[in-house]
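Take a look at the structure set out below.
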Amino acid sequence: MPAFRFSRRDESQIDPFNAGEPVLPWDDPDALADEGDVFDDRPYEGAGEPGPQAEPVEYAPHGEPGGQPHKREDNYQAPTTRGHDYDAPSIDGPPAGGRRSRRAPRPAAAEPVSARGASGSRLGKLIAAVVAVLIAVNVAVPVLMLVGEFVENVSSSAGSAFDAAEDTSYPTSYESDEADEGAMELAASAALSGALADPESGALHDLIAGYLDDKLLSVEGYTAEELGIDADAFAAWAITSTSFSTSGTYDRGDGTAVVYADVVAPSVNDVFWAFDDAIAGYLVEQDLWGVYGGDQATDLTDEQRAHVGDVFAGVLEDAEGIEAFSSIGLLREGDGWVADADGLADAFTSIYGLW
């Protein structure tokens, strides 16, 4: 590729970076003196007239013997000669030599870490192998001892099983469990039967009659007697309409047990609300408010009492028994079982819906 040149071969070499400064009008003091003060108020007399022309100056090319530079003398000649006396490097010849590299020599490669630590790694592996062997020995010995004991126990158990197969006797725990379950069911049945045996009196009778009386007073404002309703007869009706059968037992193992029973009985709660739906409108029409009437409360007449009694009897005729599932709590007493009184009351509350 040819070297870069500022001009063609047949032209003089002019260095644009070393050329002289141009001569401006104000650079010549004599010219300014002839023109006068350009900043005064006098008119310019020579305006529009061409001034004297300077003679052209011929310049010799740079690098030629006897030539003059384009600027003030500074003993500098541009390096553009081609084989002249000036010893500047020629642009036609090959470069004198490559530029010296300033890069520092690459240091010798360090010894690899793996090579330096080879001996240490081998020593570590040897120590690890020794430790592993010691651990294996300490673990294997107990394991082998346990395996031996297990095999011995299995052998002895197998022998005992074969010996037991020849024995035709059976344990009596199953028979004992059956007898105990029978005792539990017998105790629960006795408690239920005893409560239902006397519909005209007894704790269950009083529980149902008292529930009906309190409910009528709190909702209708009158007691059962004031409304012409026989609460005792109602309790007897509810009890005689009840039947049950035991269906299983559960021994908690802490001296208590439970007997499960399937019961069919009328819901006293449902009977009451059915009666309330049937009689509430009548009581309002008759202005019968009971305890909620304050000073104006009035008692029912015999005719009114008869009407309320007939409505209540009609509700009982439509009532049906409801199947329910109940549990009877038992307590261990000696070798037998007895019903828990509190548990029995809770069972009847659930059966008849005495909420």
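Just a few scattered comments:
- Residue that is most open to solvent (accessible area, probe 1.4 Å), among those in the stretch 224-262 that are part of a strand (DSSP E or B) and hydroxyl-bearing (S, T, Y): Y250
- Residue count, the stretch 323-344 (criterion: more than 47 Å from the chain's Cα centre (by Cα) and not basic (K, R)): 11
- Every residue from the stretch 195-223 that is open to solvent by 40 Å² or more (accessible area, probe 1.4 Å) and more than 27 Å from L344 (Cβ to Cβ): V219
- Test: A313 is open to solvent by less than 50 Å² (accessible area, probe 1.4 Å), among the small types (G, A, S) and more than 56 Å from the chain's Cα centre (by Cα): yes
- The residues of the stretch 196-223 that are free of Cβ contacts under 8 Å to residues at least 40 places away in the same chain and either in contact with a Phe, Trp or Tyr (Cβ under 6 Å, 6 or more places away or on another chain) or not in a loop (DSSP other than H, G, I, E, B) (or both), listed by number, are A197, H205, D206, A209, G210, D213, D214, S218.
- Residue count, the stretch 345-355 (criterion: open to solvent by 30 Å² or more (accessible area, probe 1.4 Å) and of a type in the set (A, V, I, L, M)): 1
- Unmet requirement for D299, which otherwise passes all of (1) at pLDDT below 95; (2) surrounded by 12 or more Cβ atoms within 10 Å (Cβ to Cβ): (2)
The values are calculated or read from the model by the stated rules, or taken from the named source; none is laboratory data. The structure presented is a predicted model; accordingly, all values stated were derived computationally and were not measured. Reconstructed Cβ throughout: ideal geometry from the backbone, glycine too, with neighbour counts over all protein chains shown. Ligands, DNA and RNA are excluded from the accessible area calculation, which covers all protein heavy atoms including side chains. Shrake-Rupley method; radii C 1.70, N 1.55, O 1.52, S 1.80 Å.
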